[in-house]
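Here the structure comes first, spelled out in structure tokens, and everything after it is commentary.
The values are calculated or read from the model by the stated rules, or taken from the named source; none is laboratory data. Everything numeric in this text was worked out from a predicted model, so none of it was measured. Heads up, the Cβs are rebuilt from the backbone with ideal geometry, glycines too, and the neighbour counts pull from every protein chain shown.
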């Protein structure tokens, strides 16, 4: 595995934090604020994971795999929430 995973985690962490902050500022429903808080939290953990990888490069494989599982499961959950919300 290369260093691109590290930069991917940092970039997506910054993106998730910014997206979460924008969602928290909206005056919409409560679900959007909850998702914004979740996105910000995952973004912070992403950056923390990248810092851990910088300190201990041998953990790159396991940290990146866990990160990708969290990202994919979040995408599936949010897609289901959006589908359920559009039907109701």
Yes/no for residue 54 being more than 18 Å from residue 8 (Cβ to Cβ), in contact (Cβ under 8 Å) with a residue 12 or more places away in the chain and in contact with a helix residue (DSSP H, G or I) (Cβ under 8 Å, 6 or more places away or on another chain):
no
Filter the range 14-52 for residues that are part of a helix (DSSP H, G or I) and more than 17 Å from the chain's Cα centre (by Cα); which is surrounded by the most Cβ atoms within 10 Å (Cβ to Cβ)?
25
Exactly one of 74, 86 is more than 13 Å from residue 13 (Cα to Cα), in a helix (DSSP H, G or I) and over 17 Å from the mean Cα position of the chain (by Cα), and that residue is 86
Suppose the filter is surrounded by 12 or more Cβ atoms within 10 Å (Cβ to Cβ), more than 28 Å from residue 85 (Cβ to Cβ) and modelled with pLDDT of 85 or more; does residue 11 pass it?
yes
